[in-house]
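To start, the structure under review is shown below, and the notes come after it.
The values are calculated or read from the model by the stated rules, or taken from the named source; none is laboratory data. Please read these numbers as outputs of a predicted model, since none were measured by experiment. Cβ coordinates were reconstructed from backbone atoms using ideal geometry, including for glycine residues, and neighbour counts include every protein chain displayed. What goes into the accessible areas is simple: the full protein's heavy atoms, side chains included, and nothing from ligands, DNA or RNA. Shrake-Rupley method; radii C 1.70, N 1.55, O 1.52, S 1.80 Å.
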Amino acid sequence: GSTWHGLDSLLFEAVKAEIESLHLGVRIEQARRQPARAGGNGGHTLIDSHGDPHGPFELVIVADGARSQIRDKSDTGRTTTYRWGAVWLVAPDPDNTFAGELYQTVDGTLKMMGLLPTGFGPGQDTTPLVSLFWGLHEDAVDDWRRAGLAAFVDEINRYDPRAAPIVATVQDMDQLLFARYHRVVMRPWHRDGMVFIGDAGHAMSPQLGQGTNLALVDAMVLADCLDGATDLPAALARYSRERRAHIAHYELAAHALMPLFQSAMPGMGMLRDTLFTVLSRLPWVDGQMIRTMAGIKRGIIRPSMTLDLPLPLPPPGA
């Protein structure tokens with residue numbers, strides 16, 4: 001059958017094929033606006049972690065994630081760090097047990113485990129990978145580490161015995177990374193020769209799993225806005241306008257759903273299970289839920305985005 005590689009590998013190969021000058025291992029921490037000169041716009045000089053300058057550049061696309069230092073140092077947007085996060089592990093899935101869909105197990109709102117097929121690693125296409133995540137409150141991280149690897153493996157196996165070969169690959173607790181969730185709210189997503197895309201511009205809790213979808217649409221819309229543009233400020237303003245409804249819908253939905261999946265309110269778990277069981281039986285609501293998970297919703301009333309790829313969606317509605 002056909003195989004697919006991790007998205008990061010595909011994008012990296014595409015970048016290498018298109019970009020003439022590519023610098024790896026350079027951590028950019030700040031962007032300094034340069035004064036405009038006669039016949040030019042000035043642009044930004046980027047400062048790396050060693051204090052060395054790069055540029056100036058007429059346009060800076062900021063795509064350095066939820067903890068973007070360029071965003072924070074430019075005093076742009078509002079960032080909130082949730083007290084919940086997840087322990088992550090990417091491991092081989094030689095039997096392809098978790099192919100094709102996300103598997104999740106929840107216990108109220110205090111426990112959540114998921115296994116997500118993750119394609120293949122760079123340079124190999126024989127053993128698929130799977131991402132395992134285990135929801136955790138930040139106050140519980142130290143106790144979780146002190147309990148040790150054996151306790152973690154036992155707990156994972158109780159929630160889903162099929163995960164046993166996955167966690168068996170873990171040799172040390174340091175292989176498990178704890179990532180906190182962030183919420184970044186920004187309007188608009190451009191500032192004087194800079195544009196913020198992906199989590200750098202709109203990080204949110206991962207309950208809807210839309211981080212990559214939104215970032216890819218960001219890149220597509222930005223490319224369309226810049227294509228043939230002669231007025232950079234106008235092109236960036238158009239980008240912010242075109243992304244507003246789509247991003248706003250997912251920001252609101254992800255923030256609203258967060259307490260239903262990870263919170264210190266166990267009653268929310270019962271509400272979630274009852275609510276989604278009932279709503280999924282209503283055709284119109286079920287259609288909206290499918291469109292939301294497909295990443296194409298732009299609000300309750302606004303029409304959804306259209307896709308060129310055939311997907312098993314219900315007939316068009318809102």
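Annotations for the structure displayed:
- Against the main long axis of the alpha-carbon atoms of the chain, helix 267-279 sits at an angle near 80°.
- Here the Kirkwood formula puts the hydrodynamic radius of region 72-180 at 15.2 Å, using every distinct Cα pair.
- Adding -39500 (n - 2.57) for every DSSP H run of four residues or longer, then dividing by how many residues the chain holds, sets the calculated 222 nm ellipticity at -11000 deg cm²/dmol.
- Folded to 0 to 90 degrees: helix 232-261 orientation relative to the chain principal axis, Cα: 20
- Convex hull per residue volume in Å³, alpha carbons only, for region 28-100: 198
- Shown for the chain: the carbon plus sulfur share of the solvent-accessible area, taken with all protein chains present and a 1.4 angstrom probe, equals 57%.
- Selection from CYS225, SER304, PRO266 lying farthest towards where the dipole of region 196-318 points positive, charges on Cβ: PRO266
- Highest mean packing comes first when the peptides 164-176, 10-22 are listed by Cβ atoms within 10 Å, giving 164-176, 10-22.
- Under 13 Å, Cβ to Cβ, from ALA164 - net charge with Lys/Arg +1 and Asp/Glu -1: -3
- For the chain, size of Cβ-based charge dipole, Lys and Arg +1, Asp and Glu -1, in debye: 1220
- Spatial separation of Cα centroids for region 266-291 and region 144-219, in angstrom: 24
- Looking at the chain, the accessible area is 57 square angstrom per residue; that uses a 1.4 Å probe and ignores ligands, DNA and RNA.
- C-alpha long axis of helix 7-18 to longest principal axis of the chain, angle in °: 20
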